[in-house]
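The values are calculated or read from the model by the stated rules, or taken from the named source; none is laboratory data. Note that this is a predicted model, so its numbers are computed, not measured. As a convention, Cβ positions derive from the backbone with ideal geometry for all residues, glycine included, and neighbour counts pool all protein chains shown. Calculation scope for accessible area: heavy atoms of the full protein, side chains included, ligands and nucleic acids excluded. Shrake-Rupley method; radii C 1.70, N 1.55, O 1.52, S 1.80 Å.
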Amino acid sequence: QQQVKQSPQSLIVQKGGISIINCAYENTAFDYFPWYQQFPGKGPALLIAIRPDVSEKKEGRFTISFNKSAKQFSLHIMDSQPGDSATYFCAASGGINTGTASKLTFGTGTRLQVTL
Amino acid sequence: EPEVTQTPSHQVTQMGQEVILRCVPISNHLYFYWYRQILGQKVEFLVSFYNNEISEKSEIFDDQFSVERPDGSNFTLKIRSTKLEDSAMYFCASSDLFGRGLAGTYEQYFGPGTRLTVT
(Lines give C-alpha, C1' and ligand atoms only; values in the text may rest on other atoms or scores of the structure.)
Protein backbone atom coordinates (compact mmCIF):
# COMPACT_ATOMS: atom_id res chain seq x y z
CA GLN A 1 0.00 0.00 0.00
CA GLN A 2 3.03 2.23 0.34
CA GLN A 3 4.01 1.81 -3.30
CA VAL A 4 3.89 4.44 -5.97
CA LYS A 5 3.63 2.91 -9.44
CA GLN A 6 5.17 4.84 -12.31
CA SER A 7 4.96 4.41 -16.06
CA PRO A 8 6.38 4.25 -18.62
CA GLN A 9 9.80 2.97 -17.69
CA SER A 10 11.33 4.84 -20.62
CA LEU A 11 10.10 7.42 -23.08
CA ILE A 12 11.46 8.85 -26.30
CA VAL A 13 9.97 12.15 -27.45
CA GLN A 14 10.90 14.42 -30.32
CA LYS A 15 12.02 17.95 -29.61
CA GLY A 16 8.98 20.15 -29.25
CA GLY A 17 6.70 17.28 -28.32
CA ILE A 18 4.82 16.60 -25.11
CA SER A 19 6.25 14.14 -22.59
CA ILE A 20 3.73 12.49 -20.27
CA ILE A 21 4.65 10.38 -17.26
CA ASN A 22 2.04 8.75 -15.06
CA CYS A 23 1.96 7.68 -11.44
CA ALA A 24 -0.59 5.92 -9.27
CA TYR A 25 -0.74 5.40 -5.53
CA GLU A 26 -2.79 3.39 -3.06
CA ASN A 27 -2.23 5.08 0.28
CA THR A 28 -4.92 7.70 0.83
CA ALA A 29 -2.83 9.24 3.61
CA PHE A 30 -0.47 10.63 0.98
CA ASP A 31 -1.03 14.36 0.69
CA TYR A 32 2.04 15.72 -1.05
CA PHE A 33 3.19 14.70 -4.52
CA PRO A 34 6.50 16.04 -5.83
CA TRP A 35 8.30 15.24 -9.04
CA TYR A 36 12.06 15.00 -9.11
CA GLN A 37 14.43 15.24 -12.06
CA GLN A 38 17.70 13.34 -11.93
CA PHE A 39 20.64 13.65 -14.32
CA PRO A 40 23.27 10.88 -14.43
CA GLY A 41 25.58 11.02 -11.44
CA LYS A 42 23.54 13.69 -9.69
CA GLY A 43 21.03 13.77 -6.88
CA PRO A 44 17.30 14.13 -7.49
CA ALA A 45 16.29 17.77 -7.94
CA LEU A 46 12.82 18.95 -6.99
CA LEU A 47 10.98 19.99 -10.12
CA ILE A 48 7.37 20.67 -9.18
CA ALA A 49 4.94 19.50 -6.51
CA ILE A 50 1.22 19.44 -5.83
CA ARG A 51 -1.18 18.91 -2.97
CA PRO A 52 -4.44 17.00 -3.52
CA ASP A 53 -6.67 20.04 -2.98
CA VAL A 54 -5.95 21.18 -6.55
CA SER A 55 -6.28 19.26 -9.81
CA GLU A 56 -3.52 20.94 -11.76
CA LYS A 57 -0.38 22.95 -11.20
CA LYS A 58 1.71 24.57 -13.89
CA GLU A 59 5.22 25.96 -13.70
CA GLY A 60 6.66 27.00 -17.01
CA ARG A 61 6.69 24.01 -19.35
CA PHE A 62 5.94 21.56 -16.52
CA THR A 63 2.41 20.67 -15.43
CA ILE A 64 1.16 18.22 -12.83
CA SER A 65 -2.36 16.87 -13.31
CA PHE A 66 -3.90 15.28 -10.24
CA ASN A 67 -6.93 12.99 -10.08
CA LYS A 68 -7.74 12.37 -6.43
CA SER A 69 -10.61 9.96 -7.01
CA ALA A 70 -8.48 7.78 -9.28
CA LYS A 71 -5.41 8.21 -7.07
CA GLN A 72 -3.35 9.12 -10.07
CA PHE A 73 -1.14 12.02 -11.02
CA SER A 74 0.94 12.81 -14.04
CA LEU A 75 3.72 15.08 -15.23
CA HIS A 76 3.41 16.81 -18.58
CA ILE A 77 6.45 18.43 -20.15
CA MET A 78 5.39 20.75 -22.93
CA ASP A 79 7.73 21.68 -25.79
CA SER A 80 10.21 19.02 -24.65
CA GLN A 81 13.86 19.93 -25.17
CA PRO A 82 17.03 17.80 -25.40
CA GLY A 83 18.09 19.35 -22.08
CA ASP A 84 15.05 17.70 -20.48
CA SER A 85 16.60 14.28 -21.11
CA ALA A 86 16.89 12.82 -17.62
CA THR A 87 15.22 10.35 -15.30
CA TYR A 88 12.03 11.58 -13.68
CA PHE A 89 10.71 10.24 -10.41
CA CYS A 90 7.31 10.83 -8.95
CA ALA A 91 7.05 10.64 -5.18
CA ALA A 92 4.51 10.89 -2.42
CA SER A 93 4.45 11.55 1.27
CA GLY A 94 1.93 12.10 4.02
CA GLY A 95 1.79 14.12 7.18
CA ILE A 96 1.46 17.69 5.98
CA ASN A 97 -1.13 18.48 8.60
CA THR A 98 0.65 16.69 11.43
CA GLY A 99 3.42 19.24 11.53
CA THR A 100 6.06 16.63 10.92
CA ALA A 101 8.17 15.93 7.90
CA SER A 102 7.49 12.59 6.28
CA LYS A 103 9.57 10.27 4.17
CA LEU A 104 9.20 10.34 0.43
CA THR A 105 8.07 7.17 -1.32
CA PHE A 106 9.44 7.21 -4.84
CA GLY A 107 8.17 5.70 -8.04
CA THR A 108 10.44 3.51 -10.12
CA GLY A 109 11.51 6.30 -12.46
CA THR A 110 11.08 7.14 -16.14
CA ARG A 111 14.07 7.65 -18.36
CA LEU A 112 13.18 10.40 -20.81
CA GLN A 113 15.11 10.95 -23.99
CA VAL A 114 14.28 13.96 -26.14
CA THR A 115 15.60 13.61 -29.65
CA LEU A 116 16.33 16.36 -32.18
CA GLU B 1 21.61 29.12 -3.85
CA PRO B 2 22.20 26.99 -0.74
CA GLU B 3 22.68 23.30 -1.42
CA VAL B 4 23.25 20.03 0.34
CA THR B 5 26.82 18.77 0.05
CA GLN B 6 28.11 15.23 0.55
CA THR B 7 31.54 13.69 0.98
CA PRO B 8 33.14 11.63 -0.32
CA SER B 9 31.70 11.44 -3.81
CA HIS B 10 32.88 7.84 -4.12
CA GLN B 11 33.87 5.39 -1.39
CA VAL B 12 35.27 1.95 -2.01
CA THR B 13 35.45 -0.39 0.95
CA GLN B 14 35.90 -4.06 1.68
CA MET B 15 33.09 -6.20 3.00
CA GLY B 16 32.95 -6.07 6.79
CA GLN B 17 34.55 -2.65 7.06
CA GLU B 18 32.91 0.38 8.64
CA VAL B 19 32.13 3.42 6.53
CA ILE B 20 30.95 6.89 7.43
CA LEU B 21 29.20 9.00 4.83
CA ARG B 22 29.08 12.71 5.51
CA CYS B 23 26.57 15.38 4.62
CA VAL B 24 26.26 19.09 5.22
CA PRO B 25 22.56 19.98 5.01
CA ILE B 26 21.28 23.41 4.04
CA SER B 27 22.10 25.65 6.97
CA ASN B 28 18.66 26.64 8.24
CA HIS B 29 17.10 23.23 7.72
CA LEU B 30 16.03 21.16 10.69
CA TYR B 31 14.97 17.86 9.11
CA PHE B 32 17.51 15.47 7.68
CA TYR B 33 17.19 12.28 5.70
CA TRP B 34 19.19 9.50 4.14
CA TYR B 35 18.02 7.67 1.04
CA ARG B 36 19.75 5.13 -1.12
CA GLN B 37 19.52 4.17 -4.76
CA ILE B 38 20.82 0.86 -6.00
CA LEU B 39 22.06 1.23 -9.56
CA GLY B 40 19.17 1.58 -11.99
CA GLN B 41 16.52 1.31 -9.30
CA LYS B 42 14.30 3.71 -7.45
CA VAL B 43 15.31 5.92 -4.56
CA GLU B 44 14.53 4.29 -1.20
CA PHE B 45 14.06 5.95 2.16
CA LEU B 46 16.41 4.90 4.95
CA VAL B 47 15.95 7.26 7.89
CA SER B 48 14.75 10.71 8.93
CA PHE B 49 16.20 12.74 11.77
CA TYR B 50 14.93 15.72 13.72
CA ASN B 51 15.85 17.35 17.00
CA ASN B 52 18.78 14.99 17.47
CA GLU B 53 16.81 11.82 17.21
CA ILE B 54 15.50 9.43 14.58
CA SER B 55 11.96 10.31 13.51
CA GLU B 56 11.36 7.37 11.23
CA LYS B 57 13.34 4.52 9.74
CA SER B 58 12.73 1.88 7.11
CA GLU B 59 13.25 -1.85 7.40
CA ILE B 60 16.49 -1.37 5.46
CA PHE B 61 17.88 0.69 8.34
CA ASP B 62 18.85 -2.18 10.64
CA ASP B 63 21.31 -2.33 13.52
CA GLN B 64 24.23 -2.00 11.11
CA PHE B 65 23.21 1.56 10.35
CA SER B 66 23.37 4.62 12.57
CA VAL B 67 23.06 8.36 12.08
CA GLU B 68 24.50 11.24 13.98
CA ARG B 69 24.62 15.01 13.94
CA PRO B 70 28.00 15.47 15.62
CA ASP B 71 27.98 19.26 15.38
CA GLY B 72 25.84 22.08 14.09
CA SER B 73 26.54 21.45 10.45
CA ASN B 74 27.30 17.79 9.69
CA PHE B 75 24.96 14.83 9.42
CA THR B 76 26.51 11.38 9.09
CA LEU B 77 25.46 7.88 8.15
CA LYS B 78 27.55 5.03 9.52
CA ILE B 79 27.45 1.47 8.29
CA ARG B 80 29.23 -0.70 10.85
CA SER B 81 29.97 -3.82 8.84
CA THR B 82 29.36 -3.34 5.16
CA LYS B 83 27.87 -6.06 2.97
CA LEU B 84 28.04 -6.44 -0.80
CA GLU B 85 24.37 -5.48 -1.01
CA ASP B 86 25.10 -2.12 0.62
CA SER B 87 26.67 -1.01 -2.66
CA ALA B 88 24.50 1.88 -3.79
CA MET B 89 24.31 5.62 -4.17
CA TYR B 90 23.51 7.22 -0.83
CA PHE B 91 21.72 10.56 -0.85
CA CYS B 92 21.37 12.97 2.00
CA ALA B 93 18.42 15.37 1.96
CA SER B 94 17.23 18.17 4.19
CA SER B 95 14.09 20.22 4.60
CA ASP B 96 13.16 23.22 6.67
CA LEU B 97 10.51 23.77 9.27
CA PHE B 98 8.15 25.94 7.28
CA GLY B 99 8.65 24.81 3.72
CA ARG B 100 9.35 27.14 0.89
CA GLY B 101 6.81 26.26 -1.73
CA LEU B 102 3.48 24.67 -0.99
CA ALA B 103 2.17 25.80 2.38
CA GLY B 104 2.87 23.28 5.08
CA THR B 105 5.06 21.03 2.99
CA TYR B 106 8.59 20.10 3.85
CA GLU B 107 10.25 20.15 0.48
CA GLN B 108 13.26 17.91 0.53
CA TYR B 109 16.45 18.98 -1.18
CA PHE B 110 18.93 16.30 -2.11
CA GLY B 111 22.70 16.29 -2.18
CA PRO B 112 24.74 14.91 -5.10
CA GLY B 113 25.20 11.55 -3.40
CA THR B 114 28.02 9.27 -2.34
CA ARG B 115 28.59 6.19 -4.43
CA LEU B 116 29.47 3.35 -2.07
CA THR B 117 31.12 0.31 -3.59
CA VAL B 118 31.61 -2.71 -1.33
CA THR B 119 34.05 -5.31 -2.64
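Taken residue by residue and averaged, Cβ atoms of other chains lying within 10 Å of the Cβ of B:108-114 number 5.
Report note on the peptides B:11-24, A:25-38: ranked by the mean count of other C-beta atoms within 10 Å, highest first, their order is A:25-38, B:11-24.
Rolling a 1.4 Å probe over the protein chains gives B:Thr5 an accessible area of about 60 Å². Of A:Leu11, B:Leu84, the order by accessible heavy-atom surface (1.4 Å probe, DNA, RNA and ligands excluded), from most exposed downward, is B:Leu84, A:Leu11. Can you spot the lysines whose alpha carbon is less than 16 Å from B:Lys57's alpha carbon? Ignore those fewer than 8 places along the same chain. Cα-Cα hits under 16 Å: A:Lys103, B:Lys78. If you take the alpha carbon atoms of the protein assembly as shown and fit the smallest convex hull around them, that volume is 123 Å³ per residue.
Counting only other chain Cβ atoms within 10 Å of each residue's Cβ, the peptide A:42-48 averages 6. A:Met78 sits with roughly 80 Å² accessible to a 1.4 Å probe, with DNA, RNA and ligands left out of the calculation.
Accessible surface buried by the B/A pair amounts to about 1900 Å², both sides summed, 1.4 Å probe. Cross-link partners for A:Lys15 among the lysines, with Cα-Cα distance under 27 Å and sequence neighbours closer than 8 places in the same chain left out: A:Lys5, A:Lys42, A:Lys57, A:Lys58, B:Lys42.
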